[in-house]
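See structure below.
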Amino acid sequence: MDAVVIERDYQKAVLVECALPAALEAVGERWSFLILRGVFNGLHHFEEFQATLGIARNILSNRLGRLVDHGILQREPDPADRRKVTYTLTDKGRELLPVLIALRQWGERWVSGVPSNPVLVDKANQRPIAPMAVRADDGRALSLQELMWVDKKQMPPS
C-alpha cells in the first residue's frame, strides 16, 4: 500500500492529535529541563538542586512537584536519612535522555558554538557519543527531505 501524504487542510485539523503540546506541558520549561539534567547527573535532593541551579525554593518546589505529578520523577524518603526526600527518574523520565542530549547538542552547535563540559561519553570506550539523529527503522540517519507526514489511518499494519 502506498503512503498517502496528508493534504494541508486535513493536516491542520489532524495536528490537534499531536502529542507535542502535552509533552511540552509536562517538561517544556527551562527549570524543568535543568532539574532533569541534574537528576541525569546524579542530583537527588532538593538542597542539591537549589545549590547547583541557583533556583528559588518556591520555583524549585513547584517544578519538582510537576515532574512528580507527570510521572517523570518519583519522590521517596531517603534511606540514609528519613528526614530527607530523594527524587529519582521513573522509566518515563529516563526516556527523556535522548531529548536532553539532542537539545544540548543543538545548543552546542547553534547557540554556544562550543562543546559542553562535562563531555558525555560511552562507558565502554570513553569516546564522546555520536550526534543525535532521526533514524529510519533500519537505523539509517534521515534528513528532513527524507521525511513526510502520513495519516496513521493510511499506515500499513505493522
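The values are calculated or read from the model by the stated rules, or taken from the named source; none is laboratory data. Fair warning: this is a prediction, and the values are worked out from it, not measured in the lab. Cβ coordinates were reconstructed from backbone atoms using ideal geometry, including for glycine residues, and neighbour counts include every protein chain displayed. Only protein heavy atoms, including side chains, enter the accessible area calculation; ligands, DNA and RNA are left aside. Shrake-Rupley method; radii C 1.70, N 1.55, O 1.52, S 1.80 Å.
Miscellaneous remarks
- Residue within region 71-93 that is in contact (Cβ under 8 Å) with a residue 60 or more places away in the chain and either open to solvent by less than 60 Å² (accessible area, probe 1.4 Å) or in contact with a strand residue (DSSP E or B) (Cβ under 9 Å, 6 or more places away or on another chain) (or both) present: no
- Selected residue (only one of Gly139, Gly93, Gly107 is farther than 25 Å from Val39 by Cβ and of a type outside the set (Ser, Thr, Tyr)): Gly139
- Of the criteria (1) among the β-branched types (Val, Ile, Thr); (2) open to solvent by 100 Å² or more (accessible area, probe 1.4 Å); (3) closer than 20 Å to Cys18 by Cα, which one Val134 fails: (2)
- Residue satisfying condition, being out of contact with any Phe, Trp or Tyr (no Cβ under 7 Å at 6 or more places or on another chain), modelled with pLDDT of 70 or more and either open to solvent by 50 Å² or more (accessible area, probe 1.4 Å) or not in a helix (DSSP H, G or I) (or both), within set Leu43, Leu15, Leu36: Leu15
- Qualifying positions in region 86-115 - in a helix (DSSP H, G or I) and among the acidic types (Asp, Glu): Asp91, Glu108
- Of the set (1) in contact with a Ser or Thr (Cβ under 7 Å, 6 or more places away or on another chain); (2) under 30 Å from Ser143 (Cα atoms), all apply to Leu43 but (2).
- So Val16, is it of a type outside the set (S, T, N, Q) and over 29 Å from Pro131 (Cβ atoms): yes
- Of the criteria (1) at pLDDT 95 or above; (2) on the phi < 0 side of the Ramachandran plot, which one Gly71 fails: (2)
- Single match in Ser158, Ser112 (criterion: loosely packed, with under 11 Cβ neighbours inside 10 Å, under 24 Å from Leu24 (Cβ atoms) and either modelled with pLDDT of 95 or more or polar (S, T, N, Q) (or both)): Ser112
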